[in-house]
Amino acid sequence: MRYDPVKDRLGRIFGRHPLLQRLFFALLHLIFLRSWYVRRALRRIFDRWPADRPVRVLDAGTGFGQYAYYIARRYPRAEVVGVDLKTDYLEQARRFVARTPVAGRVRFAQDDLTRLQTEGPFDLILSVDVLEHIEDDRAVLRNFARVLRPGGYVIINTPSDQGGSDVQAPGQQSFIEEHVREGYSRELLEARLREAGLEPVESHYSYGPFGSLAWRLLIKYPMLALNRTALTYLLLPVYYLVVLPVGLVLNALDLARENRTGTGLIVVARKPEG
C-alpha cells in the first residue's frame with residue numbers, strides 16, 4: 001500500500017489552520033502506540049538531567065514536526081532542530097511552529113541523514129520510524145554518533161523483523177511500500193549501534209499482541225479504506241467514535257507489559273564519555 005499519499009492528504013487537510021494542526025498532532029500521539037513508547041523514553045532521559053540544564057535535540061526525520069513541537073512544549077529547556085528531506089513537510093512545520101510560543105526554540109532544515117550537514121553537538125537524537133526507509137542505515141548511525149555529545153542519547157523507534165511493516169511471511173510485500181526493509185531484530189539494531197560507536201542501554205519490543213491489535217483497528221484498516229475511497233474521510237469520525245476507546249486500552253496494555261516479541265522495536269543508546 002502507498003502510505004505517503006494518504007499521509008500527505010491528511011497533512012494538508014489539518015495544516016490549513018493552527019488549531020487543526022494541534023488537533024492533528026494530538027491525534028497522532030493518541031492513536032500511534034509508537035508515540036506512547038517514544039514519550040516514555042523521552043521522559044526517562046530528561047529525568048536523568050538537572051532540571052535547569054539546556055538540552056539540544058535533533059529530531060532526525062521530523063516529518064510533520066509533531067515530535068519537535070512536543071519536545072519544545074513539554075520541556076522548556078530544550079532547543080530542537082528538526083531535519084527532513086521533504087521540503088513541503090518542513091515548510092508546513094515552520095508555518096505552524098512560527099505561530100506558537102515555542103517558535104524561538106525550534107527550527108527546521110532540509111538535510112539528508114546519510115550525509116548529515118546539520119552541526120552538533122546534540123544531547124539527544126530522536127529517530128522515529130526513519131531507518132526502515134533508508135538503505136544506508138550504517139551511514140545514518142555513524143552521523144548520529146558524530147554529532148552527538150559524549151554522554152548523549154539516541155532514541156530509535158522502528159518496525160521489527162517479527163512482523164513489522166505487517167510482513168507475516170518471507171517474501172511478503174510490506175504494508176508500507178516506502179519501506180526498504182521490513183524491520184530489525186533487537187540484536188541487529190544493537191549491533192549496528194555498537195558498530196557506529198553507540199552503546200545500547202535499553203531496548204524493548206513494542207506492538208505485542210495488544211498493540212498489534214490496536215494498530216490494525218486504529219491505523220491499518222482506516223488507511224486501507226482511505227486508499228480505496230474518499231468517502232472514508234466522512235466516515236472516519238464515526239468509526240473512531242466506536243473503536244478509539246478499545247484501541248486506547250489496548251495501547252495502554254501493551255505499554256504496561258514487557259513484550260517478549262513484537263512488531264515494533266524501540267532502542268535507547270548512549271555515546272560513551274571520554
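The values are calculated or read from the model by the stated rules, or taken from the named source; none is laboratory data. Quantities reported herein were computed from a predicted structural model and do not represent experimental measurements. Here Cβ is always computed from backbone atoms with ideal geometry, including for glycine, and neighbour counts include all displayed protein chains. With ligands, DNA and RNA removed, areas are computed over all heavy atoms of the protein, side chains included. Shrake-Rupley method; radii C 1.70, N 1.55, O 1.52, S 1.80 Å.
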Report task. Determine whether segment 11-20 contains at least one residue that is open to solvent by less than 10 Å² (accessible area, probe 1.4 Å) and not in a helix (DSSP H, G or I). Result -> no
Query raised in the report: How about segment 253-264: which of its residues are loosely packed, with under 15 Cβ neighbours inside 10 Å and in a helix (DSSP H, G or I)?
Result: ALA256
Query raised in the report: Which one of these does ALA145 not meet: (1) farther than 27 Å from GLN21 by Cβ; (2) open to solvent by 70 Å² or more (accessible area, probe 1.4 Å); (3) part of a helix (DSSP H, G or I)?
Result: (2)
Query raised in the report: How many residues are surrounded by 14 or more Cβ atoms within 10 Å (Cβ to Cβ) and not in a strand (DSSP E or B) when one looks only at segment 123-137?
Result: 7
Report task. Read through the list (1) assigned by the TED database to the domain that holds TYR153; (2) in a helix (DSSP H, G or I), then give the number of the only condition that VAL267 fails. Result -> (2)
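Being hydrophobic (A, V, I, L, M, F, W, C), assigned to a helix (DSSP H, G or I) and open to solvent by 10 Å² or more (accessible area, probe 1.4 Å): is that true of ALA26 here?
Working: hydrophobic (A, V, I, L, M, F, W, C): yes; assigned to a helix (DSSP H, G or I): yes; open to solvent by 10 Å² or more (accessible area, probe 1.4 Å): yes.
Yes; evaluated as a whole, the condition is true for this residue.
Checking the condition within 28 Å of VAL140 (Cα to Cα), of a type outside the set (A, V, I, L, M, F, W, C) and open to solvent by 20 Å² or more (accessible area, probe 1.4 Å), which residue from TYR221, TYR239, TYR207 passes?
Working: TYR221 fails: within 28 Å of VAL140 (Cα to Cα); TYR239 fails: within 28 Å of VAL140 (Cα to Cα).
None of the others qualify; the one that does is TYR207.
I need a count of the residues in segment 92-103 that are under 16 Å from ASP59 (Cβ atoms) and open to solvent by 20 Å² or more (accessible area, probe 1.4 Å). Give the steps one after another, and end with the answer.
Here is the first cut: in segment 92-103, the residues under 16 Å from ASP59 (Cβ atoms) are 92-94, 96-97, 100, 102-103.
Right, trim to open to solvent by 20 Å² or more (accessible area, probe 1.4 Å) and you get 92, 94, 103.
The qualifying residues number 3.
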Report task. Would you be able to tell me the number of residues in segment 104-122 that are touching a Leu at 6+ places or on another chain (Cβ under 8 Å), open to solvent by 70 Å² or more (accessible area, probe 1.4 Å) and either touching a residue at least 60 places away in the same chain (Cβ under 8 Å) or part of a loop (DSSP other than H, G, I, E, B) (or both)? Result -> 0
Query - Answer residue from segment 170-184, given it is surrounded by 15 or more Cβ atoms within 10 Å (Cβ to Cβ) and at pLDDT 65 or above and is farthest from HIS133 (Cα to Cα) among those - result: TYR184
